[in-house]
There are 2 protein chains.
Amino acid sequence: MTPENPRERLLEAAGEIFAEKGFKGATVREIIDRAGVNIAAVNYYFRDKERLYIEAVKHAACGEPEEPHLSWPEGTPPAGKLRDIIRFQLLKFLDPSRPAWLARLIMRELTQPSDACAELVREYIEPRSKVLLGVLRELLPPNTPRRKLFLTAFSIVGQCHFYCSHKPIIRLLIGEDEYQRLDPATLAEHITQFTLRALGVEKN
Amino acid sequence: MTPENPRERLLEAAGEIFAEKGFKGATVREIIDRAGVNIAAVNYYFRDKERLYIEAVKHAACGEPEEPHLSWPEGTPPAGKLRDIIRFQLLKFLDPSRPAWLARLIMRELTQPSDACAELVREYIEPRSKVLLGVLRELLPPNTPRRKLFLTAFSIVGQCHFYCSHKPIIRLLIGEDEYQRLDPATLAEHITQFTLRALGVEKN
DNA sequence: AATCATATCAAACAAGTGTTTGAAAATCAA
DNA sequence: TTGATTTTCAAACACTTGTTTGATATGATT
């Protein structure tokens, strides 16, 4: 299960702990403890704590499952593409079968960027952003101004990310029981319908 | 401008620095330096760093301007109330005339809650949540299930909070120039129209 | 003026931090 | 095997952290 390679063991452990406690809150001793390696390995495989953090973020982003919808079949209705995008985003945040710290680490970097952010945006955010904007161009009337496209995209992504970034508050507000009943599929359907109606696109 | 009271000076300085760097990232020496007080004042007026943090968060929440729409005139159309709520939320996050660290500190507490969170939810979030849910009850058909009300509220608040929590990413994505042109009024109008159409409420 | 509680201060403390060291062990190539 | 290179390790280092101390100043009360 856990990799033998001490470098990768460090990346995994660092990802978990950085996600949980942030850069300052995490200590290298706790990380090397979980990874089961000597403390000097941090400076051997990475230069210092900061480099370890950056590499851990990139490792987490790479470890993300590939989008299954970078290429839809020709003729796929754009509303269906939008549904796929929304569903996939929510799955990343809420799928209980995948480690929660992956999404958490990336979300942390999005809300309080460090030096790792520039790379993350270029390699991770930009491409996904382009896909969404392309679908919106199909859904909205031609010649829709660039600004309008972005505002719409933010409305969609804002709805999705809310369930990750504000997870603890949601728990407190609706109660633990109700929270457990929030499955990704239901949420995706709600957000999709909400958005399609907002865009004036009839159900498909 | 700045209060004479060392206790309040500490609260202000702590709020700014905690908002910027988080609990672990902020050091008491930097805080007392900005406040211009002796380091022992932290333990004199508050017990320790953690208490200072909690009090700073509460102080920031109290310093928030009172909602001007806790009571609308009788007969106000619910769509107008919704517009007021959305506009006010965005103003809190984006109004350049008010210190940015207030919203930032609260947002930080919402996305990575500490011990200060429970109180914040009770005194700050819950009441505003109830107002929004009440308006949604007016807008949506009677007997709309509780869960549907919450999901709708999350869709609205998610859109608004996105501009605060993901501010740095938005800057990177659309460019600094375009970001400067995102004024709160325009955003509020976009989100309001988006939401009203999603709810199937005709313009008013 | 004398007394007392309150407030401020510089200095030090103990614990924890990231980082480095230099030697030992393991691995590989000749 | 021999020698060279890579990897691992315990120990220590230099520094920052939050916190406490004990003395001094301030201000009100008797």
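The values are calculated or read from the model by the stated rules, or taken from the named source; none is laboratory data. Given the structure is predicted, the values throughout are model-derived calculations rather than measurements. Heads up, the Cβs are rebuilt from the backbone with ideal geometry, glycines too, and the neighbour counts pull from every protein chain shown. In case anyone asks, the SASA skips ligands and DNA or RNA and just uses the protein heavy atoms, side chains included. Shrake-Rupley method; radii C 1.70, N 1.55, O 1.52, S 1.80 Å.
Assorted remarks:
- Test: residue in the stretch B:46-61 that is aromatic (Phe, Trp, Tyr), in a loop (DSSP other than H, G, I, E, B) and either under 30 Å from B:Asp84 (Cβ atoms) or touching a residue at least 24 places away in the same chain (Cβ under 8 Å) (or both): yes
- Test result for B:Arg197, surrounded by 15 or more Cβ atoms within 10 Å (Cβ to Cβ), without any contact (Cβ under 8 Å) to a residue 60 or more places away in the chain and of a type in the set (D, E, K, R): yes
- Test set (1) away from DNA strand D (no atom under 15 Å from the Cβ); (2) open to solvent by less than 30 Å² (accessible area, probe 1.4 Å) - A:Lys58 fails condition number: (2)
- When residues in the stretch A:159-204 are screened for being outside any helix (DSSP H, G or I) and over 19 Å from A:Ile106 (Cα atoms), 10 of them pass.
- Boolean, A:Asp95 is away from DNA strand D (no atom under 16 Å from the Cβ), among the acidic types (Asp, Glu) and in contact (Cβ under 8 Å) with a residue 40 or more places away in the chain: yes
- Scanning the stretch B:1-54 for residues that are under 19 Å from B:Asp115 (Cβ atoms), open to solvent by 50 Å² or more (accessible area, probe 1.4 Å) and touching a Phe, Trp or Tyr at 6+ places or on another chain (Cβ under 7 Å) yields one hit, B:Phe23.
- Considering (1) buried (at least 20 other Cβ atoms within 10 Å of the Cβ); (2) over 14 Å from the mean Cα position of the chain (by Cα), the lone condition that B:Arg122 does not fulfil carries the number (1).
- Just one residue in the set B:Leu140, B:Leu110, B:Leu82, B:Leu132 is free of Cβ contacts under 8 Å to residues at least 60 places away in the same chain, over 15 Å from the mean Cα position of the chain (by Cα), within 14 Å of another protein chain (Cβ to nearest Cβ) and surrounded by 13 or more Cβ atoms within 10 Å (Cβ to Cβ); that residue is B:Leu140.
- Considering (1) more than 10 Å from DNA strand D (Cβ to nearest atom); (2) in a helix (DSSP H, G or I); (3) of a type outside the set (D, E, K, R), the lone condition that B:Ile32 does not fulfil carries the number (1).
- Breaking point among (1) closer than 25 Å to B:Thr195 by Cβ; (2) among the hydrophobic types (A, V, I, L, M, F, W, C); (3) more than 13 Å from chain B (Cβ to nearest Cβ), for A:Trp101: (1)
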